[in-house]
Amino acid sequence: GAGVSQTPSNKVTEKGKYVELRCDPISGHTALYWYRQSLGQGPEFLIYFQGTGAADDSGLPNDRFFAVRPEGSVSTLKIQRTERGDSAVYLCASSLKPKISPLHFGNGTRLTVT
Amino acid sequence: SQQGEEDPQALSIQEGENATMNCSYKTSINNLQWYRQNSGRGLVHLILIRSNEREKHSGRLRVTLDTSKKSSSLLITASRAADTASYFCATDAGANNLFFGTGTRLTVIP
């Protein structure tokens, strides 16, 4: 594909439910990032993958959040027992080479927990 | 906590004027990047400046970096209504991920 694709674009769920957010990075990009952005704020780092492994998950707020990238391409961010405070836009980005290449962002998934 | 802080938080100018946004950060960096975000969209990379560079140009964009002051500025010359967006600086803080600031919301009035 031409860019990073995120699905769904919008997700409304009830408090306590489980959600999965999907990211299709640019083909050939080995680095993949998840960020969370609240209204009026900058993106907040969640987790970074290099290939299949999570190289840095220090941004995950708690153990309700988990992400996988089993084949080194598509990634899924999973949130268990959602809370209203999880409502935000979840952004995915990919990069050819971390640190020296720019990040290419998807348009995000807007998650609303009611 | 986020590494960078932009200022001003919001900026409103007339079309044709120049817009200057500043970014301050806290720790040593390898490079600093500027991104732009239109409402409801993802971020788009504008320019990357390495820690050993002091100034970089790209079209109507000019970025400066002062590592001694841990600060950077983004200048957009001859602004257009289409430049209306939020602008973020991002630093690597020596890691493989990027930390973003809180952004400057630029409004260019036609």
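The values are calculated or read from the model by the stated rules, or taken from the named source; none is laboratory data. Keep in mind that this is a model prediction, so the values were computed, not measured. For neighbour counting, all protein chains shown are included, and Cβ atoms are generated from backbone atoms with ideal geometry for every residue, glycine included. Remember, those area values only see protein heavy atoms, side chains included, never the ligands or the DNA or RNA. Shrake-Rupley method; radii C 1.70, N 1.55, O 1.52, S 1.80 Å.
Details
- Only a single criterion out of (1) part of a loop (DSSP other than H, G, I, E, B); (2) within 27 Å of B:R36 (Cα to Cα) is not satisfied by A:T112, namely (1).
- The single condition among (1) in contact (Cβ under 8 Å) with a residue 60 or more places away in the chain; (2) crowded, with 18+ Cβ neighbours inside 10 Å; (3) within 13 Å of chain A (Cβ to nearest Cβ); (4) not polar (S, T, N, Q) that B:A10 does not meet is (2).
- The single condition among (1) within 11 Å of chain B (Cβ to nearest Cβ); (2) open to solvent by 20 Å² or more (accessible area, probe 1.4 Å); (3) under 30 Å from B:A10 (Cα atoms); (4) out of contact with any Ser or Thr (no Cβ under 8 Å at 6 or more places or on another chain) that A:P61 does not meet is (1).
- Of everything listed in (1) within 22 Å of A:T7 (Cβ to Cβ); (2) within 14 Å of another protein chain (Cβ to nearest Cβ); (3) open to solvent by 80 Å² or more (accessible area, probe 1.4 Å), the single unmet condition for A:T52 is (2).
- The criterion of being touching a residue at least 24 places away in the same chain (Cβ under 8 Å), more than 9 Å from chain A (Cβ to nearest Cβ) and within 27 Å of A:P61 (Cβ to Cβ) holds for B:S24.
- Taken as a whole, the structure places A:S27 among residues that are under 30 Å from B:I49 (Cα atoms) and small (G, A, S).
- Given (1) out of contact with any Lys or Arg (no Cβ under 9 Å at 6 or more places or on another chain); (2) open to solvent by 10 Å² or more (accessible area, probe 1.4 Å); (3) at pLDDT 95 or above, index of the condition A:G106 fails: (2)
- Residues (open to solvent by 20 Å² or more (accessible area, probe 1.4 Å), in a strand (DSSP E or B) and either more than 10 Å from chain A (Cβ to nearest Cβ) or under 18 Å from B:A19 (Cα atoms) (or both)) located in segment B:46-85: B:L46, B:E55, B:K56, B:H57, B:S58, B:L61, B:R62, B:T64, B:D66, B:S71, B:S73, B:L75
- Unique match (being under 12 Å from the mean Cα position of the chain (by Cα) and open to solvent by 20 Å² or more (accessible area, probe 1.4 Å)) among A:E44, A:E14: A:E44
- Close pairs (8 angstrom Cβ cut-off, 6 or more residues apart or separate chains): under 19 Å from A:S95 (Cα atoms) in segment B:95-110, aliphatic (A, V, I, L, M) and surrounded by fewer than 21 Cβ atoms within 10 Å (Cβ to Cβ) anywhere: B:N96/A:A55; B:F99/B:A93
- Filter result for B:T102 (within 25 Å of A:L39 (Cβ to Cβ) and part of a loop (DSSP other than H, G, I, E, B)): yes
- Of everything listed in (1) part of a loop (DSSP other than H, G, I, E, B); (2) in contact with a Ser or Thr (Cβ under 8 Å, 6 or more places away or on another chain), the single unmet condition for A:L21 is (1).
- Contacts under 8 angstrom Cβ, first residue in segment A:49-60 being farther than 19 Å from A:R36 by Cα, partner open to solvent by 80 Å² or more (accessible area, probe 1.4 Å) and not hydroxyl-bearing (S, T, Y), 6 or more apart: A:T52/A:P70; A:T52/A:E71
- Qualifying residue in segment A:76-86 (condition: in a loop (DSSP other than H, G, I, E, B), under 21 Å from B:Q37 (Cα atoms) and at pLDDT 95 or above): no
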